[in-house]
DNA sequence: GATGGCACTCGGGACTTCAGAGTGCTAAGT
DNA sequence: ACTTAGCACTCTGAAGTCCCGAGTGCCATC
């Protein structure tokens, strides 16, 4: 009863089950996979595997099905990394290289993973909190409002409107997109002339250059203090808005793609999939799971795999998550991954996720 | 056999069927709905309705089910507009007012409709082609590239990177988000100093102010001609990029939301839903359908309804589309809607779509 | 025109049956 | 000490059967 063959049997079971979606018995195992022994022998091995908890049988007289533990072993030691096909590689390259900005590239990455894996993709945005400020732009709009454009190290561009009628109140007005007066001259009381605005912009940029979020408030504070008195409220408004933008709001931005794949017949979960749906809608929880996986990757090679009960979420006990961090040279700034039934094509999914993550890491600005 | 009662019967059938998902027979009809006649009478009416093609029976001894034609009549003449509940209204207001920019607001609108209707929402972006240029911003990035930010009348902000090492080639380089040299001084050969850049920006802005796309190339042409010789390639590059951005790319941007609702048990389509999935993935076709509905709304009150076979798409013969244009004062710039099974809650869906469309129209910049 | 009565239809749930897949175990073979 | 053939046993799920009851259409009556 060689150890090797037993593992080979487990591998065969996993592969077959993933492929056929049916409990696999000893006979088909000998037929379809090239292990040169008789069904009876296999049965002995299977008994041992079941004893050890790697497989189970749904009911007495049916084939075996891998358990979470079985999948785990498979992923850790048995899965042969199957590189993507050349066309797939090319598809990734071309599709992602067509992206026009960060939003676009991450959206595309999600759709790509969803399509490659036939599952649900999840993409976390690079945390603004961790990224520095590259540039700040101020654009007067309609005379009474100022469009503040923030460009980060990671290439992310955020826009916020600042209402300057009462720019003194620090709390940025909820930047709704409502109609400003159409064509008011730019020298409205609230907005300074081009020159002052340009100077303000220059100062803020100089102060913020390369700084991390935590250093920003102080740097901005000095700028506000050093500016002409009538500009102080405006400057403070802008500073607060920028800090607010980088700090709170969008740290936890997460995007799903391919949720329609859930409806596809071939990926049905064992039991109900409504819990899965609910879990996916709990973005906070999902985010927690992802960041957890980022810090503590239980899988190998940069790609983390959580199988079934391993992710302690109720709704995802029948689901597995394959995720990888991405970001410039090992400096993980965010995570992306694929979620599917525990009975999924792990090698393929891992390959896809890794390929996309690598591409992103290579191509993201730093 | 009064005409009115027959219509009342049809209405009752539709409402009951939508509610219970089961063919409805004459008895329950008299019981659950307050028409004060006997089942036999109803049967006569039903026979007439069936004769006229408004209802059908799946098999001999089963209740009746509305046909597409029946739904049509229901929508056109029988549906009582059921206004949204106060909480719903409030939800729309608050959720949408939290949006920070156009992207965000449309994304939220989609998710909102998906959630209100429990179906798939589809949102078409305001066509850039139809919107004017409000502002153009130029931001040097990393010394060798220029971030061109385009702000349109509709509040949409588009960003493109322009590679200025060889800005002469008119075709904008595919603006990938790749790593530029980290911290090069801003006076790199390719990028002019702040002053020239500012002047260029000012000129371009002046030329473009309030112009439609069709008028832009000419206006920009004059600017390029009037600029310092060494700036000509750059100016031309920018001009082309802007025109390209507004013209081609994103005219046909469409976004789905709530596709996960397809997986929900309670919205199963009669037969397979894979054709529906495929139809939804054919964004071009979908876009065609939407624009068609925009120009020729067969429903009433600004909201168009396409039922089953009415939308000539193979995959959507069992689906209905409820859509409405939105845009400042009747000037429809785009469309949004909800897609679900023909057996859907039309009044509710219509109310939701209309409410969101109205909110958008009210709140969009003009 | 509305209604009660009635014979008729037929889908689908409940029940039964049965073949086949799969197992574990024992005993024999290498 | 494994491996293998044989065999009795278990159980699922497909197929078949039955029958209740919902629903209908039609006719005679009010």
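No lab work stands behind these numbers, since they all come straight from the coordinates. These figures come from a predicted structure and were not determined experimentally. Here Cβ is always computed from backbone atoms with ideal geometry, including for glycine, and neighbour counts include all displayed protein chains.
A few remarks follow.
- What separates the residue B:284 label point from its copies, with the point 7 Å along Cα to Cβ, is 4.4 nm, written shortest first.
- FRET efficiency, residue A:309 to residue A:88 (Cβ-Cβ, R0 35 Å, nearest 0.05): 0.65
- For peptide B:255-264, the mean count of partner chain Cβ atoms within 10 Å of a residue's Cβ comes to 6.
- Take each residue of peptide A:36-47, count the partner chain Cβ atoms within 10 Å of its Cβ, and average: the result is 0.
- With contacts taken as Cα pairs under 8 Å at a separation of at least 6 residues, the stretch A:2-76 carries a relative contact order of 35 percent.
- In nanometres and ascending order, the distances from the residue A:144 label point to those of the other copies are 4.6 (point 7 Å from Cα along Cα→Cβ).
- Nitroxide proxy distance, nm - points 7 Å out along Cα→Cβ at residue A:111 and residue B:214: 3.0 nm
- Stretched out straight at 0.36 nm per residue, the stretch from residue A:199 to residue A:52 would grow longer than its current Cα-Cα span by 45.8 nm.
- Of the two radii for the stretch A:1-120, the radius of gyration is 1.15 times the Kirkwood radius, both from the alpha carbons; that is the Rg over Rh value.
- Shape summary of the stretch B:11-56, radius of gyration then Dmax from alpha carbon positions: 10.0, 24 Å.
- Extension gain, residue A:20 back to residue A:274 (0.36 nm per residue minus Cα-Cα distance, nm): 89.1 nm
- Exercise: per-residue mean of other protein chain Cβ atoms within 10 Å, A:96-106: 4
- Label-to-label distances for residue A:47 across copies, nearest first, come out at 7.2 nm, using points 7 Å from Cα in the beta-carbon direction.
- FRET efficiency, 1/(1 + (r/R0)^6) with R0 56 Å, evaluated for residue A:76 and residue B:59 via beta carbons: 0.55
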